[in-house]
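Everything below concerns the one structure shown next.
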Amino acid sequence: MALYLLFESASGYALFHAYGIDEIGQSVDAVRSSVLDLKRFSKAVKLAGFTPFASAIDALNQCNAISEGIMTDELRNFLELNLPKVKDGKKAKFSVGVMEPKVGSHITEATGIPCQSNEYVQELLRAVRLHFDQFIDQLKPSDLEKAQLGLGHSYSRAKVKFNVNRVDNMVIQAIFLLDTLDKDVNSFSMRVREWYGWHFPELVKIVNDNYLYAKLAKFVVNKSDLSEKDIPALADLIGDEDKAKEIVEAAKASMGQDLSPVDLINVQQFAQRVMNLSEYRKNLYEYLVTKMNDIAPNLTSLIGEMVGARLISHAGSLSNLAKCPASTLQILGAEKALFRALKTRGNTPKYGLIFHSSFIGRASTKNKGRMARYLANKCSIASRIDCYSDMSSSIFGEKLREQVEERLDFYDKGVAPRKNLDVMKAAIEGLTNTEDDDSKENGEASVKKSKKKKSKAEANGDAMDVDNVVAEAETQTEKKKKKKHKLVEAQDEEMQANGDDETPKKKKKKNRDTSESVDPKTGTEGKKKKKKSKTDDE
């Protein structure tokens, strides 16, 4: 059976006919030994067809299709033109060797061409890649390198852009940095306590908070300099006047040793560093909250920012978390306990990172497993909505949170919760109402803008309109006067031409007009008198 090799290069598709495989050998080791020898390899393989890509965009599209295991129309036409034709009802006497098995399966499904992708074919294609520029005369090695470099940059850039949920990488980095900052701040604050405790040991018992202790260490510096004048400033720092008085009294009767000014300066600088770190930690937490509300609003409203961010970071991305079933999401973070239980045939864990949620802490001990299972179900729904929906709203997360609250009440008090169908219908109605409100607000804003524009245009053009109206009125009156003069002159000419014959007619017309203008009763009386005059004449 003849073997053809399909090679996808950066410049186009190439098809090679492996007609002299016996000279190389039909084993993988034989091909590997003959790869570097171009003369020996060129006797076994020859170019059967080559089609270049139309442009860099076309090359990127073809590369994306090959990476996803899809055969494009261009590749199909290329194979049909260059491969031997197979008669209907007969099997092909050749096969095509491809690098990607998914592409080969798609080619066989669409065209019926048999494909193979094994280690032997891959070694042959590796040799083709090495000597590709030698098989095509018009292709220079520098041109091939430029095409490979350009396609590599565009492909990697497109892959980065293709990742719709790439912003969740910021959440992953932020939550990792928060964990490390918590450890560092705790260790540094303990070091400040131990270092400054040699000078002022009584301050540790009065102030428990690490941030406040670092503030006081920076403010006090030397305990012997403290006096009653410093009580208001200490009260502003701590927020408690009684504790400020207690610190001053403790400084007067302190058992600590004195430190040199250089040592006190170093303690003060280190306390300032601890304060800066704790302030940066607060700012980073606020950044994480805003980022989580933008990326996963439903998951955030359901389970909180910290737990949601830990779930996303543990899964790797929001899309990976959305692909996880609820049973996997339930034990995320407890993999060691799960495999230990499977190994020792013990009880598997009921929860992982979800345990830090307030819902499981509020549930009773016998209902913690049930609550974890139900909460994992709702978290998987919320993560899928956040990952695959175009609208960024937290309505579904709020409704899911209400469902979890109702389930807690059901476990504790026996109150029956609402059905999931009713809750989802309410969420969809709320989403549509918010969309309608937004569209109305946008419409009202546009109407207000158009009214403002009209009023400005009217205010600017009032004087011009008045002048135009006056000018138009004057021209209309002049035109009417000219028309009247022309009508009068025409009537005089007709009167002179017709003579006096038409004068009684005009009088009759006038009489008719006057008779029509008279009341109907007077009109009827006139008719009766005419009839009587006619009878008298007879």
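The values are calculated or read from the model by the stated rules, or taken from the named source; none is laboratory data. Just so you know, these numbers come straight off a predicted model, no measurement behind them. Don't worry about glycine lacking a Cβ; one is built from the backbone with ideal geometry, like all the others, and counts go over all protein chains shown. In case anyone asks, the SASA skips ligands and DNA or RNA and just uses the protein heavy atoms, side chains included. Shrake-Rupley method; radii C 1.70, N 1.55, O 1.52, S 1.80 Å.
Here is how the numbers come out for the structure above:
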| item | result |
| --- | --- |
| Per-residue SASA entry for residue 170, accessible area with 1.4 Å probe, Å² rounded to 10 | 100 |
| Additional length obtainable on full extension of the chain from residue 167 to residue 134, 0.36 nm per residue less Cα span | 7.4 nm |
| Gyration tensor verdict on the stretch 168-228 (Cα atoms; rounded if a/c is under 1.5, prolate if a/b is larger than b/c, oblate otherwise) | prolate |
| Convex hull per residue volume in Å³, alpha carbons only, for the stretch 85-186 | 219 |
| By accessible area with a 1.4 Å probe, ligands and nucleic acids excluded, highest first: order of 356, 131, 314 | 356, 314, 131 |
| Residue 2-residue 262 pseudo-label distance in nm [points 7 Å out on the Cα-to-Cβ vector] | 8.9 |
| Net charge of neighbours whose Cβ lies under 14 Å from the Cβ of residue 342, counting Lys and Arg as +1 and Asp and Glu as -1 | +3 |
| Two-decimal Rg/Rh across the stretch 292-356, once Rg and the Kirkwood Rh are taken from alpha-carbon atoms | 1.03 |
| Cα point-scatterer Debye curve for the stretch 1-141, base-10 log of I(q)/I(0) at q = 0.10, 0.13, 0.16, 0.18 Å⁻¹ | -0.32, -0.55, -0.85, -1.07 |
| Net charge dipole size for the stretch 49-177 [Lys, Arg +1 and Asp, Glu -1 on Cβ; Debye, nearest 20] | 160 |
| Shape of the stretch 8-63, Cα gyration tensor, a/c cut at 1.5 | prolate |
| Among beta bridges that DSSP assigns inside the stretch 1-117, antiparallel share in %, nearest 5 | 70 |
| Cα gyration tensor category, rounded, prolate or oblate, for the stretch 350-417 with a/c compared to 1.5 | oblate |
| Check: the stretch 47-87 dipole with +1 on Lys, Arg Cβ and -1 on Asp, Glu Cβ, in debye | 260 |
| Residue-by-residue Karplus 3J(HN,Hα) for the stretch 395-403, coefficients 6.51, -1.76, 1.60, Hz, glycine and proline x | 5, 5, x, 5, 5, 5, 5, 4, 5 |
| P(r) tail fraction, the stretch 274-322 - alpha-carbon pairs more than 18 Å apart, % | 33 |
| Gain on full stretching of the segment that runs from residue 406 to residue 284 - 0.36 nm per residue minus C-alpha separation | 40.6 nm |
| Solvent-accessible area, 1.4 Å probe, carbon plus sulfur percent, for the stretch 193-294 | 50 |
| Portion, in percent, of the accessible area of the stretch 21-167 that falls on carbon or sulfur, probe 1.4 Å | 52 |
| q = 0.15 Å⁻¹: log10 I(q)/I(0) that the Debye formula gives for the stretch 170-289, counting C-alpha atoms only | -0.68 |
| Per residue solvent-accessible surface (Å²) - the stretch 367-428, probe of 1.4 Å | 53 |
| Accessible surface, the stretch 117-210, averaged per residue in Å² (probe 1.4 Å) | 62 |
